[in-house]
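Heads up: the structure comes next, in structure tokens.
The values are calculated or read from the model by the stated rules, or taken from the named source; none is laboratory data. All of these numbers come straight from a predicted model, not from anything done at the bench. Cβ atoms come from the backbone with ideal geometry, glycine included; neighbour counts cover every protein chain shown.
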Amino acid sequence: MISLILVLFLIWRLFLFFTAFWGSFILPFQPRFPYADVFLISSDLPAFVWSFANFDGVHYLTIARSGYAAQFTQVFFPLYPLLLSVFQKILYFINPLAISLIVTNLFFLAGLYLFNQLLRIDYKPKEISWMVLFLLLFPTSFYFAGLYTESLFLILILLCFYLARRKMWLLAAITAGLASSARLVGIFLLPALFWEYLQDKSNVRGQLLNVLKSPILYIAPLGLISYMIYLQINFGDALYFWHAQPIFGASREGSNIILLPQVLWRYFKILTKNPIDLSSFWIPLTELTSTIFAVILLILGHYQKIRLSYLIFSWLAILTPTLTGTFSSMPRYILVAFPIFISLGLIKSKLLKILSLVTFFLLLIIFTILFTRGIWVA
């Protein structure tokens, strides 16, 4: 299985490079984000390589080089750019953009290995093969290859659950703490770990006392808490990462919490007002359908008896971004809800799974071309 994962990863990575190269003959590069000329075009790397650092990638490169010197980059949590900075300094003789992409792709390869290791606890090799294929061919899986936190965050959540399943609570708590310094939704490993902790028969007696004594309670939130303290000391706002959200567009709300029914109503109005031939129709439609798709698969996951701790984390990770009043970036955010790939792999009909993979594959081509040509996807 490990050899298969390595082969599939290499095929997937080469396929994405080829798609980006091919896309350059179809669409011009029209960056809808800043600093493309500073960090990407000037890197001397081929366009089909540096284009995987589009959009948020330039902000992570900025933070890796200069910290949070650029205003509003505090919305990006620190662990990922910190690791990029470390590798860039150690391997200073390699192009910073190149080493950042190499490290990020190695993170994803490690994530695939951990995905296999975690799934082996509950599922058969044939089922796991389907689940890995659905992960690799998911329409927005190219974000795992790009300069984004998805690959690192996948490692952390999978490792956290694997350690928890092995009842290695201290290491699981430390991993959860690292995850909460990589993404805000990493904090939701805390309730998921608590559920796992309480399934341990040795912890059944005196559950409240055991919870209070558990390292999970005190270590898992430390990543988020540390970043909030840093923001308060240096910028006078512990929630700067939330309050600065509106600066990055998509009509995000940074001061109030918007409930899901309001967000759904907003998207209904958007889709009924905008002409079908404009991106202002297709982008919201993609955001809405991807969210609904993920929700359906998570509901299905309950019927398929997917481990409840996985679902607890995934529900919270998917619903929390909607509190900003938008489904923007949801096609990317749902990638961390890994039970959706388990759910897809557990579908009984082989024909339905094959049709789903073909559809995913075609959408992956389209979305990869759009993203690498500087057009917003998620």
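Points to keep in mind about this one:
- Considering the stretch 43-57, the residues that are part of a helix (DSSP H, G or I) and out of contact with any Gly (no Cβ under 7 Å at 6 or more places or on another chain) include one that is modelled with the lowest pLDDT, namely SER43.
- Any hit, the stretch 68-77, residues being small (Gly, Ala, Ser) and part of a helix (DSSP H, G or I): no
- Whether a residue is under 21 Å from ILE366 (Cα atoms) and either assigned to a helix (DSSP H, G or I) or not acidic (Asp, Glu) (or both) was assessed, and LEU224 does not pass this test.
- Within the stretch 302-314, not a single residue is surrounded by fewer than 18 Cβ atoms within 10 Å (Cβ to Cβ), of a type in the set (Ser, Thr, Tyr) and touching a residue at least 60 places away in the same chain (Cβ under 8 Å).
- Flag: ILE342 does not match the condition of being under 17 Å from ILE128 (Cα atoms) and assigned to a loop (DSSP other than H, G, I, E, B).
- Inclusion of SER309 among residues that are part of a helix (DSSP H, G or I), closer than 26 Å to ARG166 by Cα and at pLDDT 95 or above is warranted.
- Subset tally (residues that are assigned to a helix (DSSP H, G or I), more than 9 Å from PHE341 (Cβ to Cβ) and among the β-branched types (Val, Ile, Thr)) for the stretch 110-137: 1
For (1) of a type in the set (Gly, Ala, Ser); (2) crowded, with 24+ Cβ neighbours inside 10 Å; (3) touching a helix residue (DSSP H, G or I) at 6+ places or on another chain (Cβ under 9 Å), each residue gets a yes or a no:
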residue	(1), (2), (3)
PHE107	no, no, yes
ALA110	yes, no, yes
PRO139	no, no, yes
TYR162	no, no, yes
LYS167	no, no, yes
ALA172	yes, yes, yes
PHE194	no, no, yes
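- When each of VAL75, VAL86 is tested for being free of Cβ contacts under 8 Å to residues at least 12 places away in the same chain, surrounded by fewer than 22 Cβ atoms within 10 Å (Cβ to Cβ) and either over 14 Å from PHE241 (Cβ atoms) or among the hydrophobic types (A, V, I, L, M, F, W, C) (or both), the lone residue that passes is VAL86.
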